[in-house]
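Could you have a look at this structure, given as C-alpha cells, before my questions?
Where a number appears in this text, it was derived from the coordinates with a stated rule and is not lab data. None of these values were measured; they are calculated from a predicted model. Cβ: placed from backbone, ideal geometry, glycine included. Neighbour counts: every protein chain shown.
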Amino acid sequence: MSELNLIMLGPPGAGKGTQAERLRTDFNLPHISTGDILRAEVADGTELGRKASEFMNAGKLVPDEVIVGMITGRVAEGDARDGFLLDGFPRNEAQAEALDAALLELDRHLTATLLIEVPDDDIVRRLAGRRVCVKNAAHIYHVDFDPPKHEGVCDQDGSRLEQRADDREDVIRTRLEVYHEQTEPLIAYYDRAGTLRRFDGLRSPDEVHAHIRATVATLRLEENL
Ligand code: ADP
Ligand code: ADP
C-alpha cells in the first residue's frame, strides 16, 4: 500500500478542518491540526500552551521552534505510517522546509498539497459564524452555512458549541494579513514542487469534499501503479 501524505492549505476559515475530518474517515488517515493541538495545550495550562496563547489570541503565528519539533515528531508516529492529513502546518517557508527535511529523513515524500481557495470577504463571514464543539474540536458548524439541528448543541455528541477566542473581527483581520504575508507564498513553493492541487472553497462543503476525495483517490491509484 502506498502512503497518502497530505497537506491542507488555505486561508483561515477556508474549510480545511471541515474537509480534513471527512477525508480522515474516507482514507483512514490521522487528522493532525496544529491549531487543535495548541488549543488543547492552552486548555491544559501547559508551559507550551502558556507560551502559545498570547500569539494565538493576537492572531500571530506561534514561533517555529515551538511548532516544528511537535509536528515532525507527530508524522513519525505509528498511526501516520500510511499517511497523514496536516491541517494548519506548514504556515511559512521555514516550516515547509523543515517538513521536507523530516520526510526526507524518513525516506517519505509529500503526495499532495490540497489548496482550498476562498476570498477574504467570505472568510470574515465564515469565521465570525463558526461554532466548535467544546468536547471535540473536529466537530465544526456555522450558524448560517452549516447549522446544527439544535442551536448551540453538537449533533454528534450533544455537547455545547462555543465560539473560538480568536474568531473576532479584529483578530480575523490580523490572521488574514499573516496568511497573505507568510503562508500564501507556500502556494508557489508547492507549485514548484509539483504537489499543488487547487479547489474552489466557495462551493458547498459536500461539493468541495467530492472534488477533493476524487483527486485523492486518483493520486492513490497513481501511487500504486
Ligand atoms: P485557522 O485555520 O482558523 O486559521 P488554526 O486553528 O489553524 O486556525 O490556528 C489558530 C492559531 O494557532 C493561529 O492563528 C496561530 O496562532 C496558531 N498556529 C496554528 N498552527 C500554526 C503553525 N503551523 N505555526 C504557527 N502558529 C500556528
Ligand atoms: P479552517 O479549518 O480552514 O479554518 P473550518 O473548516 O473551521 O476552516 O471552517 C470555517 C467555517 O466555515 C466553519 O464555520 C465551517 O462550518 C464553515 N464552512 C466550511 N466549509 C464551508 C463551505 N464550503 N461553505 C460554507 N461554509 C463552510
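Just to be sure I understand: of the beta bridges DSSP finds with both ends in the chain, what percent are antiparallel, rounded to 5? Each step should come with its number before you reach the end.
Details: 7 of 24 bridges.
So the antiparallel bridges in the chain amount to around 30 percent.
Would you look at the GNM of the chain, springs on alpha carbons closer than 10 Å, and say which of Ala43, Ala102, Ala58 moves the most?
Ala43
Ok, one more. Could you order peptides 172-182, 127-137 by the average number of other Cβ atoms within 10 Å of their residues, highest first?
Peptide ranking by packing, descending: 127-137, 172-182.
Still on this model: Give me the percent relative contact order of the stretch 92-225, please, defined on Cα pairs under 8 angstrom at least 6 residues apart.
Numbers: 120 pairs, mean separation 42.7, N = 134.
Across the stretch 92-225, relative contact order equals 32 percent.
Still on this model: Roughly what would the spin-label model give for Ser159 and Val143, points 7 Å off Cα along C-beta, in nm?
2.1 nm
Say the dipole of the stretch 20-154 comes from +1 at the beta carbon of Lys and Arg and -1 at that of Asp and Glu; which of Ala40, Thr25, His150 then lies farthest toward its positive end?
The residue sitting farthest along the positive end of the dipole is His150.
Going by C-beta contacts inside 10 Å, put Asp167, Asp120 in order with the fewest on the left.
On the way: Asp167 20, Asp120 14.
Exposure proxy ranking, most exposed first: Asp120, Asp167.
Among the aspartates and glutamates, select those whose C-alpha is under 13 Å from the C-alpha of Lys135, and discard any that sit fewer than 8 residues away in the same chain.
Candidates past the 8-residue exclusion: Asp36, Asp155, Asp157, Glu162.
Please give the charge dipole size of the stretch 138-225, origin at the Cα centre, charges +1 on K and R Cβ atoms and -1 on D and E Cβ atoms. Round to the nearest 20 debye. Could you put the intermediate results ahead of the total?
On the way: 12 positive and 19 negative charges, 62 e Å.
With Lys and Arg at +1 and Asp and Glu at -1, about 300 debye.
Principal axis extents for the stretch 22-65, Cα atoms only, whole Å, descending order, please.
Between the extreme Cα coordinates on each principal axis of the stretch 22-65 lie 35, 21, 18 Å.
Another question, if that's okay. Quick check on the chain: take the gyration tensor over C-alpha atoms, sort the square-rooted eigenvalues as a ≥ b ≥ c, and tell me if it's rounded (a/c under 1.5), prolate or oblate. Write down the numbers at each step before the final one.
Numbers: a/c = 1.44, a/b = 1.22, b/c = 1.18.
Rounded, since a/c falls under 1.5.
³J(HN,Hα) across the stretch 144-150 via Karplus (A = 6.51, B = -1.76, C = 1.60, θ = phi - 60°), whole Hz, x for Gly/Pro?
Those phi angles translate into 9, 8, 8, x, x, 4, 10 Hz.
For Lys60, which lysines qualify as cross-link partners when the Cα separation must be under 19 Å and same-chain residues fewer than eight apart are set aside?
Lys16, Lys51
What's the magnitude of the charge dipole for the chain around its Cα centre, counting Lys and Arg as +1 and Asp and Glu as -1 at the beta-carbon? Answer in Debye, nearest 20. Let's see the in-between values first.
Working: 28 positive and 42 negative charges, 82 e Å.
The dipole of the chain has a size of about 400 debye.
By how many nm would the segment from Glu117 to His180 lengthen if fully extended, with 0.36 nm per residue of separation less the alpha-carbon distance?
Values: separation 63, 0.36 × 63 = 22.68 nm, distance 1.23 nm.
Once the chain is fully extended between Glu117 and His180, it gains 21.4 nm.
Would you calculate, for the chain, the mean residue ellipticity at 222 nm contributed by helices, counting each DSSP H stretch of 4 or more residues as -39,500 (n - 2.57) and dividing by all residues, to the nearest 500?
On the way: 9 runs with 108 residues, N = 225.
Helix contribution divided over all residues of the chain: -15000 deg cm²/dmol.
log₁₀ I(q)/I(0) of the stretch 94-139 at q = 0.19, 0.21, 0.30, 0.33 Å⁻¹, via Debye over equal Cα point scatterers, no solvent, to two decimals?
-0.83, -0.83, -1.02, -1.12
What are the ³J(HN,Hα) values, in whole Hz, obtained from phi via the Karplus relation 6.51 cos²θ - 1.76 cosθ + 1.60 with θ = phi - 60°, for each residue of the stretch 177-182 in sequence order, with x given for Gly and Pro?
Taking θ as phi minus 60°, the curve returns 4, 4, 4, 5, 6, 9 Hz for the stretch 177-182.
Continuing with this model, one more query. For the stretch 215-225, what does the Karplus curve 6.51 cos²θ - 1.76 cosθ + 1.60, with θ = phi - 60°, yield as ³J(HN,Hα) per residue in whole Hz, taken in order and with x for Gly and Pro?
5, 5, 5, 5, 4, 5, 4, 5, 5, 7, 5
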